[in-house]
Each structure stands twice: as structure tokens, then as C-alpha cells.
Amino acid sequence: MDPDLNPFAPGSGLKPPALEGRQAEIEAFDRLIARTKRKAAERGMLLSGLRGVGKTVLLNNFAAQAERHEWFVVQIEAQPSTEGRKATRQKLARAIEAGARRLRAKSAWGYVKDVLGSIGSFNISLGAAGVSATLGTTTGRADSGNLDIDLEELVEDLATAMAKSKAGFGIFIDEMQDLDDELLGALISVQHLSGQKGWPFFIIGAGLPNLPGKLSATRSYSERLFDYRTIGALDPASAADAIGLPMNELGVHLDADALRALVTAADGYPFFLQAYGKAAWDVASSKIVNLDDARLAIEIGTEQLDAGFFRSRWQRATPAERQYLRAMADDHDEASSTAQVASRLNRTASQLTVARSNLISKGLIYAPDHGAVRFTVPGMSAFISRQFEP
Ligand SMILES: Nc1ncnc2c1ncn2[C@@H]1O[C@H](COP(=O)(O)OP(=O)(O)OP(=O)(O)O)[C@@H](O)[C@H]1O
Ligand SMILES: [Mg+2]
């Protein structure tokens, strides 16, 4: 079919042609908005899951939903490393200012404009003075230089202003596991305080499966502060719709066995569904996609995934780290015990600490529990078994 009309969107954070299987999360977020309007108590929300399951897409969907309800919306993506930490703070400053600007034509503006000085002061406290030159500053508000205090004062001022127009203040944080401990701790503390004070302030975060654990390690009461949602593979009916509906909308139909083959190959994972859907569209020569088309699409889609999604990760690993990954692949995509990986490699666990921690910082694996590791992407073990070079 004409590639120009291909509806599928394999990529990072790209809006899919049909957002399937996330109704429960979307309803939970709708409820948060509705309850905020009624000034009822609510919790923030955290989405966690492997790479490519659709966390960013869902987070963007929530942020857009909050915008439509005239919330004060701040969106950032955290970055690892020390430079990332500085960049994240700058981004936060910029995003708060941008959020304020977007409210100009909204009903909350009448209240928010009175506290713009707190944003200016807070941004200086974040080390982003230049960002807020136009906002001015308010002496004695969010200007102590202590992140905890300044964030608390900023949230109090903004959330109280938003409450007057029955809306909320939301900070949407992608890759939240990469936030530095200081900023993460300050954000969780202020979420805690907001609940007690009844301020409509919510952190909506997305990150890898180790995110809930990271939050609990930072502040032990975190587990009660958030509505934790695990985002994973789609159920078979939703997965079928994710491929079938966008095609049907353009007048293309899949034979039942063709659709089943594509959904099985993707194993319900959103990124893979987009990749196989795209390949199926490209190979189909008529408005009916049959099993032969699907088989060819699976071959092409798998090659493309191997060449991009998987190989880019594989190439980040050194030969020693690849040995580690190969030893993990014996457990398929389940968690591996670090002791067992070591014994497979005839080493002690401590001899492999460097390889293990490098693989974690490169984002290829994560520690779901103490003494365990797991791949961050679904299907990695099958990819590794297809690699013959060391
Ligand atoms: N519910 C869904 N139905 C169909 N396709 C989806 C769905 N959610 C996401 N996708 C598609 O899956 C791909 C990955 O989405 P997204 O980038 O949001 O994943 P992610 O979990 O944020 O991944 P990462 O951890 O790498 O950032 C995109 O191509 C997107 O269009
Ligand atoms: Mg993402």
C-alpha cells in the first residue's frame, strides 16, 4: 500500500493511530481531574514499565487532558548523570514559566498572575535566573536557596491560585527514575505536604519498573502517595485493535489469521505492534492483507527491530558486558539472579559488579530487586539468541 498513507507510528513518544488498552488508566486520570474540580482528596499517579510499552504516550495524553481542563501543566523529561541533573533543573524552570504563559487566556490567570514573582524566585533558586527575567521575583517567597523550602512555597502559591478556579497544578515527569535524589526527594515531600494541606498539586510520573522502588528508597511513605500503575503489553483484543482499527479506517482489512500472526509476533508490545503494523501496510499489495503478507511483514519488521531498537542497545555494550547479557538471556526475559549470572560465567558476583553497573547506567538492564537484574526492553533475550558475534 502507499507508504505515504501508512498510519502506523513506531517511535519514541509518537502518538499511535489508535491508543488501545489503556482505558483504565485514562479513566483514573479523568477521575483525578473531576475530583480536583470538586476539591476532593486525590493522589498523584505513577506509570512504570519496560521500554516501548507506551508510557510517554500515556503521560502526554494525561498532560493534554489536564491542559484541556485548564490546569497549570508543567512537563519535563529527567536525564541521568551530573550534567543531566543541571539540564533537568533548567528544563523545570523553563517548563514552569511556559506553563504560566499558557494560562494567560484561561480563567485561572487572574489568580496566577499575582504569584508570578514566586516562579521567578524559584527559578533563580534552581539556578536558572535567565529564564525568568521577565517574571520578576517576590522577596520572601521561594527564594531561600533551599530547594525543599522554595519548592514548597512555589507549590503552595501556585496550587492555591489554581484551586480558586477549581483546577490543579500538575508536574508531568517522564523518565522519572533519572531524577537526582535531591530533586526527587523535594518533589515527593511537597506531594506529601500537599495532600495534608489540600493543595491540588500532583506529580504524574513515568519511568522504568524500578521507579516505585526508587521512590520508596527516597521517602518511605511514597507508596501511599501515588496511584501506581504498571504499564505492560496489551491484552490480545486491544493489540488486535491497535493494528486492525487504523487499517480499517483507511479501507484496508486483515484476514483473521494475518492479524493473529502479527499480534503474536508483537507479543502485545505497543512499539512492536506499530513496527509490524507499519511493515504489513507496506508489503500489502491489495486492500486485503493475507497471511502471506503478514509473514513477510513479520520478517521485515523483525529485521527492522533488530537493526534499530535492539542493535542500538547491543552496540552500547562492551564485549564483557555482552557476555553478561548473554548469561542473562538464559532466563529469557524474566529476572536473573546476579549470583546465578556469575556462576554461569564462572565468576564471583563481585567480579561482575562493574559490568552490571555499567549495563544499568547504559539503560540496558535494571535491578527489579536486590540481587536481581532484568532487561529493560521486551524481547531482548530472543534478539541476543540471534546474535552470533561475541
Ligand atoms: N496504547 C497503545 N496502543 C498502540 N500503540 C501504542 C500505545 N502506546 C504506545 N504505542 C506506540 O508504542 C511506541 C512506544 O511508545 P512510547 O514511546 O510512549 O513508549 P515508552 O514506554 O515511553 O518507551 P520508553 O521507555 O522507551 O520511553 C510508539 O510507537 C507508540 O506510538
Ligand atoms: Mg518514554
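Regarding the range 128-139, can at least one residue be identified that is closer than 19 Å to Val190 by Cα and free of Cβ contacts under 8 Å to residues at least 60 places away in the same chain? Talk me through it step by step, then tell me what you get.
Step one: list which residues in the range 128-139 are closer than 19 Å to Val190 by Cα, which gives none.
No, there is no match, as no residue in the range 128-139 is closer than 19 Å to Val190 by Cα and free of Cβ contacts under 8 Å to residues at least 60 places away in the same chain.
Scan the range 17-44 residue by residue and report those that are in contact with a Phe, Trp or Tyr (Cβ under 9 Å, 6 or more places away or on another chain) and either assigned to a loop (DSSP other than H, G, I, E, B) or within 15 Å of ligand 1 (Cβ to nearest atom) (or both).
First pass over the range 17-44, keeping only residues in contact with a Phe, Trp or Tyr (Cβ under 9 Å, 6 or more places away or on another chain): 17, 25-26, 29, 32-33, 36, 42-44.
Scanning the range 17-44 gives Pro17, Glu25, Ile26, Phe29, Glu42, Arg43.
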- Selection count, the range 331-373, where residues are charged (D, E, K, R), in a loop (DSSP other than H, G, I, E, B), surrounded by 13 or more Cβ atoms within 10 Å (Cβ to Cβ) and out of contact with any helix residue (DSSP H, G or I) (no Cβ under 6 Å at 6 or more places or on another chain): 3
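Which of the residues spanning the range 202-226 are in contact with a helix residue (DSSP H, G or I) (Cβ under 8 Å, 6 or more places away or on another chain) and either within 13 Å of ligand 1 (Cβ to nearest atom) or not assigned by TED's automatic domain parsing to the domain that holds Gln75 (or both)?
Quick first cut of the range 202-226, residues in contact with a helix residue (DSSP H, G or I) (Cβ under 8 Å, 6 or more places away or on another chain) only: 202-208, 210-212, 214-216, 218-219, 221-223, 225-226.
Gly205, Ala206, Gly207, Leu208, Asn210, Leu211 - these are the residues of the range 202-226 that are in contact with a helix residue (DSSP H, G or I) (Cβ under 8 Å, 6 or more places away or on another chain) and either within 13 Å of ligand 1 (Cβ to nearest atom) or not assigned by TED's automatic domain parsing to the domain that holds Gln75 (or both).
Being hydrophobic (A, V, I, L, M, F, W, C), within 16 Å of ligand 2 (Cβ to nearest atom) and in contact with a helix residue (DSSP H, G or I) (Cβ under 9 Å, 6 or more places away or on another chain) is the filter here; which residues of the range 13-72 pass it?
Here is the first cut: in the range 13-72, the ones hydrophobic (A, V, I, L, M, F, W, C) are 14, 18-19, 24, 26, 28-29, 32-34, 40-41, 45-47, 50, 53, 57-59, 62-64, 66, 71-72.
Remaining after also requiring within 16 Å of ligand 2 (Cβ to nearest atom): 14, 19, 45-47, 50, 53, 57-59, 62-64.
Across the range 13-72, the qualifying residues are Leu14, Leu19, Met45, Leu46, Leu47, Val53, Val57, Leu58, Phe62.
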- Taking into account only those residues within the range 170-201 that are farther than 22 Å from Ala87 by Cα and of a type outside the set (Gly, Ala, Ser), which is nearest to ligand 1 (Cβ to nearest atom)? Gln191
- Item | Answer residue from the range 229-246, given it is in a loop (DSSP other than H, G, I, E, B) and either buried (at least 19 other Cβ atoms within 10 Å of the Cβ) or modelled with pLDDT under 95 (or both) and is nearest to the chain's Cα centre (by Cα) among those | Ile231
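Could you identify the single residue in Ile203, Ile119, Ile149 that is at pLDDT 95 or above and hydrophobic (A, V, I, L, M, F, W, C)? Working first, answer last.
On the way: Ile119 fails: at pLDDT 95 or above; Ile149 fails: at pLDDT 95 or above.
Result: Ile203 is the single residue among Ile203, Ile119, Ile149 that is at pLDDT 95 or above and hydrophobic (A, V, I, L, M, F, W, C).
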- Log entry, pairs with first residue in the range 42-69 being within 16 Å of Phe201 (Cα to Cα), second being basic (Lys, Arg) and within 13 Å of ligand 1 (Cβ to nearest atom), beta carbons closer than 8 Å, six or more apart or on different chains, reads Met45/Arg229; Leu46/Arg229
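The values are calculated or read from the model by the stated rules, or taken from the named source; none is laboratory data. What you are looking at is a predicted structure, and each value in this text was computed from that prediction instead of being measured. Counting neighbours? That spans all protein chains shown, and the Cβs are built from the backbone with ideal geometry, glycine included.
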